[in-house]
Structure formats: structure tokens, C-alpha cells
Amino acid sequence: MSMDEGIITKKAHLFERNPANPILDANMWPYKVNSVFNPGAIEVKGEILLLVRVEDLRGISHFSTARSKNGVSDWKIDPYPVMVPEPEIHPEEVWGIEDPRIVWIEEKQSWFISYTAYSRGGPLVCLAETKDFKSFKRLGPVMPPEDKDAALFPKRFGGRWAMLHRPVTTYFQGRGHIWLSFSPDMKHWGDHQIILEAREGAWWDAYKIGLGPPPMETEKGWLILYHGVRQTASGSIYRLGLALLDLDDPRKVIKRGDTWVFGPEEPYERIGDVGNVVFSCGWVYDKNDDSIKMYYGAADTSICIAEAKLNRLLDYLLK
């Protein structure tokens, strides 16, 4: 891609912010909280359901749900948390649960949630299962610390489940890459391999990268929205980019975009508990108009939405 193409793509705004942003913030919550952000997102029973990361006044996060018919306004928020840390039973959750990503698995007729549990040993990947977002069956930790930004694929490959995640090791001097792992039972994971590497130098994704929402199945491949972190003299900047994995073998990367496609520009994305951050854990596709609703946390403080056309995202990657 040429410099001119990158500039044109940026100006074209593949993702368009909704003028109602932020669509959810702490002031809308039925109980006292510090911030709401980084929700998982699905469509169920004619509604958009967000499983929201809610940070309380201690700094510990739990999950709450918000529902809307149009996915933008008139949110119905549960009057109490739906999933809270249980460190007495699950010690890995001692400092909270964070950043849920939700996948419907047809084979099991259940929703599966990958989330980060903040343990004394560092953040690690856990799984939970639900059918109604009222009761949750924890499946426990599946990756050791430090690991996060995980999501399952909704189907098996060669009889095995697959999961994208982002471990961090001292070998890479704190840099984080996106890995792919396989499992026969969602409990025991192996065949770990790097799929996408954080770039080096001045690139927008040169420090850490991590998965955004769960992979989206398209006719061209598995569409991946990922966040990239760039370290600057004034701190980190979190932006979003795109990649495409092979439908039958997600170990194969078909395309990875060079430029970021969405980054912090508005005041609510620039200023907050953690400034200069856009961070997505959920998106919803509407095949009727080929549109994607991408829900994201803004500055670790509020929840926003941006929309895109799937065909335009694929065109950007493939052309």
C-alpha cells in the first residue's frame, strides 16, 4: 500500500462514529461505579446485549448487562451485577474480571465468554458458559499469566477448538504478539504459535497488539479487528487495525493492513481514566444491510459505537 492510499483510507473513515457517543457512561448506571467500558456484544432475541466491564470505586471490575432494541439508545441496564469476582472459590479473580468476549457455539448451544481474570500472579485467560446471561458456569483458567485479549472461534478445526490470545514474555522485552492455540476440550490447550507479531520501530502497532472482538466469519476469511499500542514520549496510544485469516486454517494469515483504521480522535477518547484509548471487545453484524456495529471503550471511561460496512473492510484489506 502506498502512502497516498493510506491517507485516503484514513480520510474515508471505514468506521463512522455515532453522533450519540458516548452511548453509555457511569452516570447512567443504577448503582455507584467509577467507569463502564470494553463490553462484549451480541444480538439475541431481537436486542443488542452488552456484557459490560464495570469498574467499582475500589478499582475492581465485574460484569453487568445492558440491552437495547436499536443498539444505540434506550438502554435497559440490570440493577445489579450479573457476574462478580469470586476469589474465595476462584482465587484467580482476586483483583477482578475484565474485558469479556462472547461467542455463540452452535455445537454446544451456549454462549462462551473468554475474559481476563486478574490474579496475584498477573492477568490470565478464563472461560465461562451461559445460556441466559443470568447464570454463568465458570470453566476456569485456560492460560497462565501473563495472558489476555482472548476469544474462541465458534467452530472446530480438524476436530479441535481454536483460540486467539496475547501472552507477554520477557524474551520479547514486554512486546506482545497474537497467538493461536488449539484444544480438544476447551480445557487443555497446545500447539501454541504466533499468528500476528507486533511490529517494530515507529509503526502504530510496534509495542503490543491484541485481539479486539471475536473473529468474524466472512466469505473471504476470518476477519480480525485488533488493537495496536504505540509507545510515545507522552504515553501509549491504542488504535485498531484489520487482518484476515484463512477460513479452513486460521494459522494462515491472508492479509494484514498496514495502516490503523480507527484511533482516538474525539475528546471522550482522548481524555479519561486512561487517555488516548479505543478498545473493542465486541461487534455485531447485520446481514440485511451488511453493517457492523463495533462497540468500544473510550479512554477506559465510557462506551461508544462506530459503524462500518463489511464489504468496505474486506475491500480495504484485499485491495
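The values are calculated or read from the model by the stated rules, or taken from the named source; none is laboratory data. Computed from a prediction, not measured in an experiment: that's the story for all the values here. So basically every Cβ, Gly included, is an ideal-geometry build from the backbone, and we count neighbours across all protein chains shown.
Got at least one residue in the range 50-57 being touching a helix residue (DSSP H, G or I) at 6+ places or on another chain (Cβ under 8 Å), crowded, with 18+ Cβ neighbours inside 10 Å and modelled with pLDDT of 95 or more?
No; the residues of the range 50-57 include none that is touching a helix residue (DSSP H, G or I) at 6+ places or on another chain (Cβ under 8 Å), crowded, with 18+ Cβ neighbours inside 10 Å and modelled with pLDDT of 95 or more.
Out of the range 67-82, which residues are among the β-branched types (Val, Ile, Thr), under 19 Å from Asp56 (Cβ atoms) and in a loop (DSSP other than H, G, I, E, B)?
Val82
Name the one entry in Gly176, Gly158 that is surrounded by 20 or more Cβ atoms within 10 Å (Cβ to Cβ) and over 20 Å from Gly282 (Cβ atoms). Give the steps one after another, and end with the answer.
Numbers: Gly158 fails: surrounded by 20 or more Cβ atoms within 10 Å (Cβ to Cβ).
Every option except Gly176 fails the conditions.
Among the residues in the range 228-237, are any of a type outside the set (Asp, Glu), under 22 Å from Glu266 (Cα atoms) and not in a strand (DSSP E or B)?
Within the range 228-237 (the criterion being of a type outside the set (Asp, Glu), under 22 Å from Glu266 (Cα atoms) and not in a strand (DSSP E or B)), the answer is yes, since at least one residue qualifies.
Answer yes if at least one residue in the range 179-192 is under 17 Å from the mean Cα position of the chain (by Cα), under 19 Å from Leu245 (Cα atoms) and not polar (S, T, N, Q), and no otherwise.
Yes - at least one qualifying residue is present in the range 179-192.
Out of everything in the range 137-180 that is part of a strand (DSSP E or B) and without any contact (Cβ under 8 Å) to a residue 24 or more places away in the chain, what residue ends up being farthest from Leu211 (Cα to Cα)? Before you say what the answer is, go through the steps one by one.
Step one: filter the range 137-180 for residues part of a strand (DSSP E or B), giving 137-141, 147-152, 157, 160-168, 176, 178-180.
With without any contact (Cβ under 8 Å) to a residue 24 or more places away in the chain added as a condition, the list becomes 137, 179.
Numbers: Lys137: 24, Trp179: 9 Å.
Restricting to residues being part of a strand (DSSP E or B) and without any contact (Cβ under 8 Å) to a residue 24 or more places away in the chain, the top hit is Lys137.
In the range 32-78, which residues are charged (D, E, K, R) and at positive phi?
Filtering the range 32-78 for residues charged (D, E, K, R) gives 32, 43, 45, 47, 53, 55-56, 58, 67, 69, 74, 76, 78.
Within the range 32-78, Lys45, Asp74 qualify.
Suppose the filter is touching a Cys at 6+ places or on another chain (Cβ under 6 Å) and at negative phi; does Ala150 pass it?
Spelling it out, it is not the case that Ala150 is touching a Cys at 6+ places or on another chain (Cβ under 6 Å) and at negative phi.
Just need a number here: residues in the range 58-94 that are within 18 Å of Glu43 (Cβ to Cβ) and surrounded by fewer than 16 Cβ atoms within 10 Å (Cβ to Cβ).
5
Across the range 27-49, which residue is farthest from Pro154 (Cα to Cα) among those that are in contact with a helix residue (DSSP H, G or I) (Cβ under 9 Å, 6 or more places away or on another chain) and part of a strand (DSSP E or B)?
Checked the range 27-49; the qualifying residue farthest from Pro154 (Cα to Cα) is Ser35.
Out of Phe153, Phe182, Phe133, I need the residue that is buried (at least 16 other Cβ atoms within 10 Å of the Cβ), more than 20 Å from Cys281 (Cα to Cα) and not small (Gly, Ala, Ser). Which one?
Phe182
Within the range 223-250, how many residues are over 22 Å from Asp273 (Cα atoms), surrounded by fewer than 21 Cβ atoms within 10 Å (Cβ to Cβ) and in contact (Cβ under 8 Å) with a residue 40 or more places away in the chain? Can you show your working first?
Kept after step one, since they are over 22 Å from Asp273 (Cα atoms), are these residues of the range 223-250: 223-225, 241-250.
After this cut, where a residue has to be surrounded by fewer than 21 Cβ atoms within 10 Å (Cβ to Cβ) as well, the list is 246-250.
Restricting the remaining residues to those that are in contact (Cβ under 8 Å) with a residue 40 or more places away in the chain gives 248-250.
The qualifying residues number 3.
Could you tell me which of the residues Leu317, Leu247 is in contact with a strand residue (DSSP E or B) (Cβ under 9 Å, 6 or more places away or on another chain), of a type in the set (A, V, I, L, M) and assigned to a loop (DSSP other than H, G, I, E, B)? So that I can check it myself, show each step before the final result.
Values: Leu317 fails: assigned to a loop (DSSP other than H, G, I, E, B).
Just one listed residue meets the conditions, Leu247.
Identify the residue in the range 251-273 that is of a type in the set (Asp, Glu) and touching a residue at least 40 places away in the same chain (Cβ under 8 Å) and, among all such residues, is nearest to Ala306 (Cα to Cα).
Glu266
In the range 83-109, how many are more than 24 Å from Tyr31 (Cα to Cα), assigned to a strand (DSSP E or B) and either of a type in the set (A, V, I, L, M) or out of contact with any Phe, Trp or Tyr (no Cβ under 8 Å at 6 or more places or on another chain) (or both)?
3
How many of the residues making up the range 253-269 are buried (at least 22 other Cβ atoms within 10 Å of the Cβ) and outside any loop (DSSP other than H, G, I, E, B)?
2
Looking only at the range 270-314, filter to residues that are acidic (Asp, Glu) and in a loop (DSSP other than H, G, I, E, B); which one of those is surrounded by the fewest Cβ atoms within 10 Å (Cβ to Cβ)?
Quick first cut of the range 270-314, residues acidic (Asp, Glu) only: 273, 286, 289-290, 300, 307.
After this cut, where a residue has to be in a loop (DSSP other than H, G, I, E, B) as well, the list is 273, 289-290, 300.
On the way: Asp273: 15, Asp289: 8, Asp290: 13, Asp300: 19.
Here the answer is Asp289.
Residues in the range 25-54 that are in contact (Cβ under 8 Å) with a residue 40 or more places away in the chain and not hydrophobic (A, V, I, L, M, F, W, C): how many?
10
Residues in the range 204-212: is at least one modelled with pLDDT of 95 or more, of a type in the set (Asp, Glu) and surrounded by fewer than 21 Cβ atoms within 10 Å (Cβ to Cβ)?
Within the range 204-212, not a single residue is modelled with pLDDT of 95 or more, of a type in the set (Asp, Glu) and surrounded by fewer than 21 Cβ atoms within 10 Å (Cβ to Cβ).
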